[in-house]
Amino acid sequence: MADEVNNAEASGAATDGAPQGERQGRGARGRGRGGNDRAGGGNDRGGRGRRDDRNKRDEPQGDELIEKLVHINRVSKTVKGGKRFGFAALVVVGDGQGRAGFGHGKAREVPEAISKATAAAKKKMIRVPLKEGRTLHHDGTGHFGAGKVTLRSAPQGTGIIAGGPMRAVFESLGVADVVTKSNGTSNPYNMIRATFEALGEQTSPKSVAARRGKKIADLLGRGGAAPVVAEAEAAAITE
């Protein structure tokens, strides 16, 4: 009888031990899978970090541009719940070396409107030839809407004699000496467009000589300058 009880207890212990061993084995395997998953997650995070770093390295580094905020206009629309405000920004950008552009953007918030205007200005940049890198080659006029502007080249030390929106254009363009006058309107949009129209008509002796098939010294000499002086001025012209 005692032998039967002992055998039953032994078989029960063996039976109870088997599920416990299986549970321990499953737990170990589960922990192993969890460890692998966590390790894989770490690898994924590391992979994402490397991809982000690679994308940052591949991004082209653009030239430093001068950004000028010319004007911000706030408008409101009356709706059922009250007033809904919006903003419009006018921005001028340039590299300070003869390239400039302008753009405007609209958004519900001021920073977003400025960013849109800046992106539009970068897409519409134009090249303007500069004399000695500081002033215009010749006088010019521009007209848009009711606005009319006059641009005149100036000797060294004159500075930028311009007001409001026009000053922002020449500062971003890199012009150091210029005299300007605006008539007809004070609307910044029309003044900016008229100014860029006048700048778009600027030409340099180098481009005129190439178009006419002549030498730069020949064009400068027709103004009454001595041949030696004309040759020196022609050699100094870079664009």
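The values are calculated or read from the model by the stated rules, or taken from the named source; none is laboratory data. Remember, it's a predicted structure, so these values are computed and weren't measured experimentally. Virtual Cβ from ideal backbone geometry, glycine too; neighbours counted across all protein chains shown. With ligands, DNA and RNA removed, areas are computed over all heavy atoms of the protein, side chains included. Shrake-Rupley method; radii C 1.70, N 1.55, O 1.52, S 1.80 Å.
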Eligible lysines near K83 by straight Cα distance, threshold 20 Å, same-chain separation 8 or greater: K106
- request: With +1 on each Lys and Arg Cβ and -1 on each Asp and Glu Cβ, and nothing else charged, work out how big the dipole of region 59-194 is about its Cα centre, in Debye to the nearest 20.
  value: 860 debye
With all protein chains modelled, accessible area of T141 [1.4 Å, Å²]: 70 Å²
- request: Skip the ligands, DNA and RNA, and give the accessible area per residue of region 60-129 with a 1.4 Å probe, whole Å².
  value: 64 Å²
- request: With 22 Å as the limit, write out which pairs from K68/K122; K124/K214; K122/K206; K131/K206 have Cα-Cα distances beyond it, or answer none.
  value: K124/K214; K122/K206
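Rounded, prolate or oblate, given the Cα gyration tensor of region 98-223, with a/c below 1.5 counting as rounded?
Numbers: a/c = 2.21, a/b = 1.81, b/c = 1.22.
Here region 98-223 falls in the prolate category.
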